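K.L.:
One structure coming up, written as structure tokens, with questions to follow.
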Amino acid sequence: MNTKNKLKSNIEYLLQIAVQNHNNGQLESAIEYYQKVLKLKPDYAEVYSNLGVLLKQQDDLPAAIKSFQQALKIKPDFVEVYCNLGTAFKKQGNLSAAVESFQQAVKIKPDFVEAYCSLGVALKEQGDLSAAIKSIQQALENKPDLDIAKFYICINQLPIIYTSYSEIELRRNNYQSYLQDLAQHYKQANPENRQKAADAVGVSKPFYLAYQCLNNRDLQKAYGEMLVHLMSNRYPQWSQVINLPHLEPNEKIRIGFISGCFHRHSVWKIPMKGWVENLDRSQFELFAYHTNTTLKHDGETAQAGKVFDKFTKGPLEIEKWAEIIQKDRLHIVIFPELGMDPIALKLGSLKLAPIQMTSWGHPDTSGLPTIDYYLSSELMEPENAQESYTEKLVKLPNLSIYYQPQIISPLKVTKKDIGIPDDAIMFWCCQSLYKYLPQHDDVFPRIARDLDKCKFVFIENQGEGVTEVFQQRLRKVFEEFALNYEDYCIFLQQLKVRKFAGTAAIADVFLDSIGWSGCNSTLESIAHNVPVVTLSGEFMRGRHSMAILKMMNIEETIASNKEEYVELAIGLGKDAQYRQYIRRLVAENKHKLYNDIKPVRALEEFLFDIVGKPKISSADDVTDNLRLAVQEHRVNHLESAEQAYLQVL
């Protein structure tokens, strides 16, 4: 064999191993072999493309982008690479570059429907909803039976952020109309088309509907029934009612947690982590199914892997997930959220266990008829809460979570570092900008009018168009009060964990968003003893901070209306002594938020009850009840303390 043929043979051999490892999910090995191929053949565009896909899967976005760009240098009309490059840029937060890449893809291949859909998603995140819908309509013109595009058109009636209060009603009505039409379309479709449409389930979700802060039960019910209808047509074998088997006295209850958030994510921190780490393992066997398709993996993933009796990681096809989950013979499945992760939503539309439930990782009803219960918080839910849910609502005590403060070493940040004079009052407004509703924009100039030296510190959205819409709203409302919003409002770029903590630590007041309240951000601000001003909302998602403050017995800064909210903010801004008093109260009482075992034990009791199994007492029960009794006694909850002491005896 001559040298040229030998080189070709070596390349083919290495490429074969790389592709085989790639297909088998052995990503590290596949990357290694692709790189070996490129050393022998540096102008191999297809290998650079494959390598970029793997690097993107591993979340190494800079390396993935570099690999895709190298492929395009070699082969400038490589249309699929432009699409993959756009996806990598979008994930990185560089939406302008993402849009440019997708536009280049459709320029080279005008009938590239997937690129039109991806372009539409990126344009929406930029805040250009009309251009987004136009791009997806272009995909439908090229391929009228493209189910993904039909879903996108429907869901994209909901913008990320609103220009005015009246726009909320307009967009909501549009979405309702499109949703009804889409559901009717699939009811009338033939079985083959319904089965095919199941591929589109979860690809586009009405995530932003919840941020309108209205009762979404009927809309979510229509959406959920449509998803279950499509999935049951495609997977009838996983859509049947599963009878709960009889449990022997010594048999553990088998519980599966299905989520894409087993990593450094608020859904893992709240509510999942505290539950799984504290459920009585003599009574429960725990299974985890990590559905994240990008193989998101960090220290929290590794920790989660040790907590569960069995930890299964994706990415896997839906069929494989369903097979694995059903083989584990679970009694109960818990989806900590249904509304963010596409695979979890697909699996939640099936029947994989006798009892299925969700929780407030995404605090809105799922609408899925396959979900039986919704785990929530007694302190957060209003009296008429059941009216907002299709599931049967279960109110766990207190905040419903076992929370431990995050161990973070904050970066040292000063007011000067972020452009604030030392003597100005810093209002920390760190929520995602789409949580701020236009009908409440007036609170900012009303506070500023009475506090000359103050700054509202916001964090920019990844999509620059969203930030611009919010800034335009602020400009308009401040002008109504004869003020310039730029004198009072500061926008920081997205912050990494340690800098976020350092910035929160220097805030004078945490100004909670109205309608959609802070939870994780509130807890992280309280860690630095920052006073919190909140206005209790109509729904659970607007009552997190209120519940947190009540848990600490600090109700002085809970407003009953918008006027009082403004007055509280002004009062804290003007009166340094009062501000210091509230800081001291937070410092003295924040321990009440931490290590609360009561919700976990209540969750256990609920789980025993629904499977019809009596609990077998263990030595751990005595320890837990004593800990609970002391905890309740300390905060003067005498009746529940007495009950816990009696349990010990």
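K.L.:
Say the dipole of the range 159-310 comes from +1 at the beta carbon of Lys and Arg and -1 at that of Asp and Glu; which of A197, I258, A304 then lies farthest toward its positive end?
P.N.:
A197
K.L.:
Still on this structure, I have one more. Considering only protein heavy atoms and a probe of 1.4 Å, how much of the accessible area of the range 1-131 is carbon and sulfur, as a whole percent? Intermediate results must be reported in sequence, preceding the final value.
P.N.:
Working: 3240 of 6730 Å².
The value for the range 1-131 is 48 percent carbon and sulfur by accessible area.
K.L.:
Karplus couplings for the range 443-450 from phi (6.51 cos²θ - 1.76 cosθ + 1.60, θ = phi - 60°), rounded to Hz, Gly and Pro as x?
P.N.:
4, 5, x, 5, 6, 4, 4, 9
K.L.:
Treating only the Cβ atoms of Lys and Arg (+1) and Asp and Glu (-1) as charged, compute the dipole magnitude of the chain about its Cα centre; round to the nearest 20 debye.
P.N.:
Approximately 1900 debye in magnitude.
K.L.:
Considering only protein heavy atoms, what is the solvent-accessible area of H544 at a probe of 1.4 Å, reported in Å² to the nearest 10?
P.N.:
Approximately 10 Å² of H544 is accessible to the 1.4 Å probe.
K.L.:
Still on this structure, I have one more. Sequence-distant or interchain residues sharing an amide H contact under 5 Å with I459, placed H: which?
P.N.:
Those qualifying (amide H under 5 Å, at least 5 residues apart or on another chain) are L492.
K.L.:
Over the range 170-224, with the other protein chains present, what is the accessible area per residue in square angstrom, probe 1.4 angstrom? All intermediate terms of the calculation are to be shown ahead of the outcome.
P.N.:
On the way: 2590 Å² over 55 residues.
Normalised by residue count, the accessible surface of the range 170-224 is 47 Å².
K.L.:
Keeping all protein chains in place, calculate the accessible area per residue for the range 332-445 (probe 1.4 angstrom), answer in Å². The partial results should precede the final answer.
P.N.:
Working: 3560 Å² over 114 residues.
Dividing the accessible area of the range 332-445 by its residue count gives 31 Å².
K.L.:
Provide the packing ranking of 593-599, 122-128, i.e. peptides ordered by the mean count of other C-beta atoms within 10 Å per residue, highest first. Before the final figure, lay out each step's value.
P.N.:
On the way: 593-599: 19.0, 122-128: 23.9.
Highest to lowest by the protection proxy: 122-128, 593-599.
K.L.:
Further question: Among 238-251, 470-483, how do they line up from the highest to the lowest mean number of other beta-carbon atoms within 10 Å? Display every interim value, and only then the final one.
P.N.:
On the way: 238-251: 11.9, 470-483: 16.2.
Top to bottom by mean Cβ count within 10 Å: 470-483, 238-251.
K.L.:
Sticking with this one: Per the Cauchy relation, a quarter of the hull surface: what is the mean projected area of the convex hull of the alpha carbons in the range 1-144, in nm²?
P.N.:
Working: hull surface 38.0 nm².
Taking the Cα atoms of the range 1-144, their convex hull projects to 9.5 nm² on average.
K.L.:
Related question: At 1.4 Å probe size, with the rest of the protein present, what percent of the exposed accessible area of the range 132-228 is carbon and sulfur atoms? List each step's numbers first, then the result.
P.N.:
Numbers: 1980 of 4300 Å².
The value for the range 132-228 is 46 percent carbon and sulfur by accessible area.
K.L.:
Please sort by residue number the trypsin sites (Lys or Arg not before Pro) in the range 318-392 whose DSSP state is loop and whose Cβ has at most 14 other Cβ atoms within 10 Å.
P.N.:
Working: sites: K320, K327, R329, K346, K351, K392; in loops: R329, K351.
Qualifying residues, ordered by number: R329.
K.L.:
Moving to a separate point now. Distance in nm between label sites at S164 and E192, each 7 Å beyond Cα in the beta-carbon direction?
P.N.:
A separation of 4.9 nm, rounded to one decimal place.
K.L.:
Using a 1.4 Å probe on the protein heavy atoms only, what accessible surface does E141 show? Give it in Å² to the nearest 10.
P.N.:
130 Å²
K.L.:
Moving on to the next point. Find the centroid of the Cα atoms in the range 340-356 and in the range 14-82, then give the distance between the two in whole Å.
P.N.:
Comparing the Cα centres of the range 340-356 and the range 14-82, I get a distance of 33 Å.
K.L.:
On average, how much accessible surface per residue is there in the range 226-293, in Å², for a 1.4 Å probe, leaving out ligands, DNA and RNA? Walk me through the intermediate numbers first.
P.N.:
Details: 2450 Å² over 68 residues.
Accessible surface, normalised per residue, equals 36 Å².
K.L.:
Also, quick follow-up: Collect residues whose amide H, placed 1.01 Å from N in the peptide plane, falls under 5 Å from the amide H of F311; neighbours closer than 5 in sequence don't count.
P.N.:
Result for F311 returns A288.
K.L.:
Under a 1.4 angstrom probe, counting protein chains only, how are E468, E460 ranked by accessible area, largest first? List each step's numbers first, then the result.
P.N.:
On the way: E468 95, E460 65 Å².
My answer, sorted largest first, is E468, E460.
K.L.:
Sticking with this one: Quote the FRET efficiency, to the nearest 0.05, computed for N595 versus E251 with a Förster distance R0 of 30 Å and r equal to the Cβ-Cβ distance.
P.N.:
0.50
K.L.:
Quick check on the chain: helices-only [θ] at 222 nm, where DSSP H runs of length 4 and up contribute -39,500 (n - 2.57) each and the sum goes over total residues. Nearest 500, please. Present the calculation step by step, with values, prior to reporting the outcome.
P.N.:
Numbers: 26 runs with 325 residues, N = 649.
Calculated mean residue ellipticity at 222 nm is -15500 deg cm²/dmol.
K.L.:
Right, another one. Put a dot 7 Å past each Cα toward the Cβ at S409 and Q184; how far apart are the dots in nm?
P.N.:
Calculated label separation equals 6.2 nm.
K.L.:
Here is a further query. Restrict the search to the range 167-198; then list the GluC sites (Glu not before Pro) that DSSP places in a loop and that have at most 15 other Cβ atoms within 10 Å of their Cβ.
P.N.:
Details: sites: E167, E169, E192; in loops: none.
Within the range 167-198, no GluC sites (Glu not before Pro) qualify (loop, at most 15 other Cβ atoms within 10 Å).
K.L.:
Turning to a different aspect of this structure: Taking just the alpha-carbon atoms of the chain, what radius of gyration and Dmax come out, in angstrom?
P.N.:
When restricted to Cα atoms, the chain yields Rg and Dmax of 26.4, 89 Å.
K.L.:
Given Cβ point charges of +1 (Lys, Arg) and -1 (Asp, Glu) and nothing else, what value in debye, to the nearest 20, does the dipole of the range 166-258 about its Cα centre take? List each step's numbers first, then the result.
P.N.:
Working: 11 positive and 9 negative charges, 15 e Å.
The dipole of the range 166-258 has a size of about 80 debye.
K.L.:
Please list, by residue number, every one of the trypsin sites (Lys or Arg not before Pro) in the range 253-291 that is coil in DSSP and has at most 15 other beta-carbon atoms within 10 Å.
P.N.:
Details: sites: R254, R264, K269, K273, R281; in loops: R264, R281.
The qualifying sites are R264, R281.
K.L.:
Now, a different point. State the percentage of accessible surface on the range 272-402 attributable to carbon and sulfur atoms; use a 1.4 Å probe and exclude ligands, DNA and RNA.
P.N.:
Its accessible area is 47 percent carbon and sulfur atoms.
K.L.:
What is the dipole size for the range 439-555, taken about its Cα centre, with +1 at each Lys and Arg Cβ and -1 at each Asp and Glu Cβ, in debye to the nearest 20? Walk me through the numbers on the way to the answer.
P.N.:
Numbers: 13 positive and 16 negative charges, 81 e Å.
Result for the range 439-555 is approximately 380 debye, rounded to the nearest 20.
K.L.:
How much solvent-accessible surface does L338 expose, in Å² to the nearest 10, with a 1.4 Å probe and all protein chains in place?
P.N.:
10 Å²
K.L.:
Filter the cross-link list K453/K550; K221/K346; K66/K320 down to pairs whose alpha-carbon distance in this structure exceeds 21 Å.
P.N.:
Numbers: K453/K550 30 Å; K221/K346 15 Å; K66/K320 33 Å.
Going by Cα-Cα distance, K453/K550; K66/K320 fall outside the 21 Å limit.
K.L.:
Report the percentage of all Cα-Cα pairs in the range 302-380 whose separation exceeds 15 Å, rounded to a whole percent. Mind dumping the intermediate values first?
P.N.:
Numbers: 1830 of 3081 pairs.
So the portion of pairs separated by more than 15 Å is 59 percent.
K.L.:
What whole number of Å gives the distance from the Cα centroid of the range 244-300 to the Cα centroid of the range 553-592?
P.N.:
37 Å
The values are calculated or read from the model by the stated rules, or taken from the named source; none is laboratory data. Remember, it's a predicted structure, so these values are computed and weren't measured experimentally. Quick reminder, even Gly has a Cβ in these numbers, built from the backbone with ideal geometry, and neighbours come from all protein chains shown. What goes into the accessible areas is simple: the full protein's heavy atoms, side chains included, and nothing from ligands, DNA or RNA. Shrake-Rupley method; radii C 1.70, N 1.55, O 1.52, S 1.80 Å.
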